[in-house]
1. For residues that are open to solvent by less than 60 Å² (accessible area, probe 1.4 Å) and more than 9 Å from ligand 1 (Cβ to nearest atom), tally how many sit in the range 83-104.
2. Which members of the range 50-72 meet the condition of being small (Gly, Ala, Ser) and modelled with pLDDT under 90?
3. Open to solvent by less than 40 Å² (accessible area, probe 1.4 Å) and of a type in the set (Asp, Glu): is that true of GLU123 in this structure?
4. Find the helices (runs of 4 or more DSSP H) located wholly in the range 112-181 whose residues include 1 or more that are in contact with a Cys (Cβ under 7 Å, 6 or more places away or on another chain) and touching a residue at least 40 places away in the same chain (Cβ under 8 Å), and list them.
5. Quickly run through the range 67-86 and pick out the residues that are more than 10 Å from ligand 2 (Cβ to nearest atom) and over 16 Å from LEU187 (Cα atoms).
6. Would you say THR64 is farther than 29 Å from LYS180 by Cβ, open to solvent by 30 Å² or more (accessible area, probe 1.4 Å) and away from ligand 2 (no atom under 11 Å from the Cβ)?
7. So, in the range 126-155, how many residues would count as being more than 14 Å from SER194 (Cβ to Cβ) and open to solvent by 30 Å² or more (accessible area, probe 1.4 Å)?
Amino acid sequence: METLSYQKTFLDMNISQEDSHRSLSVPPRAKTTMMRHEDLEKHRADYATSLLARAAETFSWPVTQTETLGSHGHPEICGNPCIRFFYGNCQKGVNCQFCHLEHDTTKKKLDKTQRLCFESLSEAQTLSMLLNHMEMRCRKQNLTAQMSLVLACMRRRLKALPKHAHVTPEMVAILSTIFKKLTLGRLLDLIRSSRNVSNAFKAELLAVAARAVGRPIPAAGEATSENSL
Ligand SMILES: [Zn+2]
Ligand SMILES: [Zn+2]
């Protein structure tokens, strides 16, 4: 019973106070015990972590799922999952650019070391590493034919770039563990987010990718990961 009521508190708070910055209320046990400040903080943090973990285990996608513009190519290369739909308040319906179909909600992110390493890559290193992983992913998902123009576009860009330093074994060691876990959509997101890849090439590549999956072509500079899980 206790577990259930804790979950409900957490979920209610997320749904109704999504936009407020109110911190977690002090867990009931802590209110009745005199605790040193640090202990209280730690207790709060542990409490919040355990709530999050339990909510992630039990919170499921809304039962009624409709395909949206952002769902094309689901689950491999659809738009990011829609956070508003997840919390039951997306007003855009089928025109939403984010995906309303069920996703694994544990978002796979680069940790700090991986992020710093990724940011240190030149455009050529970024594209050659990601091309390699995208080719593997396409073979695994049987998408090589559908994605052929996207891959060709990256190969052409790589050839056009001036001679470059190769990707080192250290870079591969740091980045390939996370890259192997990412879908094609998330690998493309990394190209979009890279400050070292030219904007003109990004726009071209994302337009080719959108065409390959039948999605509207993103406007230049459009942020597509906001409002997503
Ligand atoms: Zn999807
Ligand atoms: Zn939506």
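The values are calculated or read from the model by the stated rules, or taken from the named source; none is laboratory data. Model, not experiment: these values are computed from the prediction. Positions of Cβ are backbone-derived with ideal geometry, glycine not excepted, and every protein chain shown enters the neighbour counts. Accessible surface areas use protein heavy atoms only, side chains included; no ligands, DNA or RNA. Shrake-Rupley method; radii C 1.70, N 1.55, O 1.52, S 1.80 Å.
1. 8
2. Correct list: SER50, ALA53, ALA55, ALA56, SER60.
3. Answer is yes for this residue.
4. It comes to 169-179.
5. Once the filter is applied, which keeps residues that are more than 10 Å from ligand 2 (Cβ to nearest atom) and over 16 Å from LEU187 (Cα atoms), the range 67-86 yields GLU67, HIS72.
6. The answer is yes for THR64.
7. Total satisfying the criteria: 15.
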